[in-house]
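What follows is a single structure, written as structure tokens, with notes after it.
Any read-out appearing in this document is the output of simple, stated calculations on the displayed coordinates, not a laboratory observation. Being a predicted model, the structure only gives us computed values, none of them experimental. Counting neighbours? That spans all protein chains shown, and the Cβs are built from the backbone with ideal geometry, glycine included.
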Amino acid sequence: MASTARVFNGCRALFSPAKSASPKPTATVASTTTTVAKQSKKSAVKKSTEKPVKTPRRKKLVRSSGILKPSPISPVLAHFLGVSESARTEAVKKIWEYIKSNELQASRSLKPSIINPTNKKEIICDEKLKTIFDGKDRVGFLEIAKLLTPHFVKTT
């Protein structure tokens, strides 16, 4: 408690117990009538400040743009993905699915020829991935998006 008091500079409002929603019963009639009158005034104020019910708006059409927009891809990448058009995000997802399903990530691979088996950032390319990644044997996971750039045909 002492350390929290120092943090909040001794502000007692932060440490006080929460006030209950219902008024406490009192013995005098005058005090109960005043609390009832206060509550009725508060409810009258709340009723006048209520917001009108909003009418539902028409839904806006969501257009894909940027990396989410499907665009034509190179024949090599189209052969790998099995589609003629793809968004960049979908292409990267499918490549990662392929990498993980074939255990081509360095730490997952069970091949004895791997030099650094604990490096998950490195992907070992098989023949199918080499066609996409310019014939490289190993690719860093940050290089994937960079190496896919030439496979997406720019449309103007």
Legend entry - Spacing of the two label points (7 Å from each Cα toward its C-beta) at Val76 and Lys136, in nm: 1.3 nm
Legend entry - For segment 117-156 versus segment 68-107, the gap between their alpha-carbon centres in whole angstrom: 10 Å
Inset, instruction - For Thr55 paired with Lys154, estimate the spin-label separation in nm (one decimal), with each label point 7 Å from Cα along the Cα-to-Cβ line. - result: 4.6 nm
Legend entry - Label-to-label distance, nm, for residues given as Lys69 and Val83 (7 Å Cα→Cβ offset): 1.6 nm
Legend entry - Fully extended contour minus Cα-Cα distance, from Asn119 to Glu97, at 0.36 nm per residue: 6.1 nm
